[in-house]
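This report concerns only the one structure given below.
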Amino acid sequence: MDDFIAKPVMIEVLGDALARWHPDGEAARPATRGARRERPGSRSQGALDRKALWRLRDDLGPEACGRFLDAFVAELPGREAAILRAAQDRSERALRLAAHTLKSTSAAVGATALASLCGELEALGSTDTTESAMEDVARLRAECRRVLEALEMERAGLGA
């Protein structure tokens, strides 16, 4: 491996890496779906960064974006429960892993506050202490509800 791409992988970053390392340079850059234009109301607002959500739709296309969001919504309760369980059990390793997993997918859908909370919980799991985790878990649970509500409202506008 001669390069690094951080998660969540954005198509533009992937294209830049391919262009750097592929013998055909710019010809290796993947075509993006949809224009990279600012849409009305695409400023960060509420539980979702709408600009990130629209970028995901442009990168994946409406159908694949819909499937991704369906999977996120379906998996969110289980991921939230895993974090709660790890905090209740005071299992640093389980907390770190569960929070890391939810952090990545949350960032991908534009749920930046949720991703940030997951980052805090992941850090707690790395410090071998879960003493204060339950307060953060309570905030995380409330943020999960906000994200689900916001995604439900955004789905129609995304065409996903």
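The values are calculated or read from the model by the stated rules, or taken from the named source; none is laboratory data. It should be emphasised that the depicted structure is a prediction, and the values quoted were computed from it without experimental measurement. Quick reminder, even Gly has a Cβ in these numbers, built from the backbone with ideal geometry, and neighbours come from all protein chains shown.
Test GLY110 against the stated conditions and say whether it is of a type outside the set (S, T, N, Q), buried (at least 20 other Cβ atoms within 10 Å of the Cβ) and in a loop (DSSP other than H, G, I, E, B). Taking the combined requirement at face value, the residue satisfies it. Residues of segment 115-145 that are assigned to a helix (DSSP H, G or I) and among the acidic types (Asp, Glu): GLU120, GLU122, GLU135, ASP136, GLU143.
Could you identify the single residue in GLU154, GLU131, GLU122 that is under 15 Å from ARG93 (Cα atoms), surrounded by 14 or more Cβ atoms within 10 Å (Cβ to Cβ) and modelled with pLDDT under 95?
One residue alone meets the criteria, GLU122.
Of the residues contained in segment 56-73, one or more are found to be farther than 27 Å from MET134 by Cβ, assigned by TED's automatic domain parsing to the domain that holds SER132 and either at pLDDT below 65 or not in a helix (DSSP H, G or I) (or both).
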